Structures are given as C-alpha cells and as structure tokens.
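Novice: Questions regarding the structure given below will be posed in turn.
The values are calculated or read from the model by the stated rules, or taken from the named source; none is laboratory data. These figures come from a predicted structure and were not determined experimentally. Cβ placement follows ideal geometry from the backbone for every residue including glycine, while neighbour counts extend to all protein chains displayed.
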Amino acid sequence: MTEEEMRMTFTEHLGELRDRLVRSMVILAVAAVLCFVFSDQLLNVIVQPLKPILAVVAAPDTAGATPAAGTTATTTPAPEGEAPPAAKEGEAVPAGTAAAPAKTDGPRPFNWTVLNPFEPIKVKLKIASYGGLVLAFPFILWQLCAFIFPGLKPSERKLVKTLLFGCAGLGVLGVSVAYFGVFPLVLPYLLEWTPGWVTVQLRLDETLTIIVKCLAGFALAFQFPMVVLVLVYMDLLSPQTLRQHRKVVIVCLSVAAAFLTPPDPLSMMIMLVPLVLLYEASIWASYIVVRRRERAADAAQ
C-alpha cells in the first residue's frame, strides 16, 4: 500500500468518525430538547420515591397567625438554638408566642423551596441535560460500536458485546436498588433525626443533584463484577486470588459504599450487600471465563 493510499484510508476514517460524531450530537440535542419539554413530568418521576414517605403540604401555620379583625398578632421567636415552647394538651398558647408544630406519626410534612428566580429554569436545564444524555446514550454507543467493530476479530466483537450487555444490566440493577431501595428506606431514617420543632424544607436544585449523584453512584458501583471479569480474562487475576483476598475486597467495598451513599449505616448496607453478592457471583463466573479461555487455547493448538 502506497503512502497516498494510506493517507486516503486515514482520511476516510476521519470522515466516518466526523459523520458519526455529528449524528450523535444531533440526537443528543434532540433528546435534550425533548426532555426539556417534558421536564415537569420527568422531575415528578425522579422525586417519586420521596412522595410515599413525605407529605407535600403548605407551610405550617402558627398559633396567632390569623389575628382577629382589627387586631394584629406578633410572634416572638425562640432564642437561637432552642426549640419554641409547645403548648400542653388543653392549655392555651401564650399570646405573642409561636407554638411548635405537633409531631405526628404519619409522613413528615415538608416544602419544596427555591432560593432565586433562576433556580427553576436551572432545574429544567439540568433535567434536560441528564435526561438527554440517558436517552441518547444507546444511539451514541451504537455509533461508537459501528465505528470500532470493523477492526475487531469475531471473538473480540463477541467479548465487547458481552461486556456492553453486562454493564447495561448491572447499571439498571444499581439504579433500581437506589430508586426502589435506598430512597424509600433511608429518607425516613434520616428525617427522624430532625427535631419536631424544625420545619423541613427541601431545596429543589440540591435535592435533584443528590438524587442523580446517588443513582449514578449505584450504577457505577455495580460495574464492579464486570471489571473483575475483564481482569480475569486478561489473566491479571485468577479465581484463586479472588477467593484468597475476599476479606480485603469486602473491606474495600465497604469503604466505597460509605463514600457513594448518604452518611448512614442503612444506605451503606443496602449498597454493600448486593456488591458482596455480586463479588461472590463474579468468582464463580471467573471459573467459567478461565475454562473457556483454556478451551480456546487448546483448540488453537
């Protein structure tokens, strides 16, 4: 092959890469616009795990907040760091004093809040960017595979497909554990530490960011078995090594779970238990990988 032919071949590859990148960017932009249009519905889906445990209500009224006609009522705030005085059962609240909200056994009331007029549009743009990336990711991944696959061997293509499907399945599993397990179980536990006289307010922007980060953290953490299998396939790890260092790995997984979850033992255990089970499953899967690799080596001889 002459130098001119090699240059043309390289130019054609660059042209193909450019076309696929342009298509991916167009699909990403369309998906982002679509998610922006339906941002209210998507936000409702994202915060859905919070609704069964927290009742969305208006700001709680205080005693004396509705004065009689022709009069004005004033409230005296409690000293800094102290709870407002609560009236006993059957006892009137002293005039000019705000009563503490009664503590109920039902869902804890809270209010969604924004701190500036630009925050609602900021939330919509965040939802558009996050949702657009998730929605367009399969198409972007398909474009990337279509560009790379022609240069791979059939066995390598099969391996890449297995990794892609495995990572996608584990990612969906991680997101499901966070969405259906961590949020409904952990949030009531966290709110129990809030004193009864403190009004719970959730900032819309920060809450959305925390939820998205938690979902992404679980999806990333659940990729651990695929990393183990890749290392076993590359002969950098062996099933025997995985079994011998099981205790060390469990400690490392505990540290990772502590960093990727809210600061409480319950959410840490919700992530840690599936990770340990997946690690045990990856040990058995590594034996299968080793046996298949040995059979392929024997067949090649």
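Novice: Across the stretch 191-215, what is the total count of residues that are part of a helix (DSSP H, G or I) and under 18 Å from the mean Cα position of the chain (by Cα)? Talk me through it step by step, then tell me what you get.
Specialist: Here is the first cut: in the stretch 191-215, the residues part of a helix (DSSP H, G or I) are 191, 204-215.
The next check asks that each one be under 18 Å from the mean Cα position of the chain (by Cα); those that pass are 204-215.
Number satisfying all stated conditions: 12.
Novice: Okay, next question. Could you say which residue among 296, 221, 257 is farther than 22 Å from residue 169 by Cα and in contact (Cβ under 8 Å) with a residue 12 or more places away in the chain? Write out each step before concluding.
Specialist: Working: 221 fails: farther than 22 Å from residue 169 by Cα; 257 fails: farther than 22 Å from residue 169 by Cα.
Checking each option against the conditions leaves just 296.
Novice: Let me ask something else. Exactly one condition in (1) without any contact (Cβ under 8 Å) to a residue 40 or more places away in the chain; (2) part of a helix (DSSP H, G or I); (3) over 19 Å from residue 172 (Cβ atoms); (4) not β-branched (Val, Ile, Thr) is not met by residue 236; state its number.
Specialist: (2)
Novice: Step by step: first the residues of the stretch 12-43, then only those that are touching a Phe, Trp or Tyr at 6+ places or on another chain (Cβ under 7 Å) and modelled with pLDDT under 90, then the one that is farthest from residue 120 (Cα to Cα). Which residue is that?
Specialist: Step by step, filter the stretch 12-43, then rank; the result is 16.
Novice: For the stretch 192-210, name all the residues that are surrounded by fewer than 19 Cβ atoms within 10 Å (Cβ to Cβ) and within 27 Å of residue 124 (Cα to Cα). Steps first, please.
Specialist: From the stretch 192-210, those surrounded by fewer than 19 Cβ atoms within 10 Å (Cβ to Cβ) are 192-207, 209-210; that's our starting set.
Result: 199, 200, 201, 202, 203, 204, 205, 206, 207, 209, 210.
Novice: Being part of a helix (DSSP H, G or I), exposed (fewer than 14 other Cβ atoms within 10 Å of the Cβ) and of a type in the set (D, E, K, R) is the filter; apply it to the stretch 130-177 and report the residue that is modelled with the highest pLDDT.
Specialist: Checked the stretch 130-177; the qualifying residue modelled with the highest pLDDT is 161.
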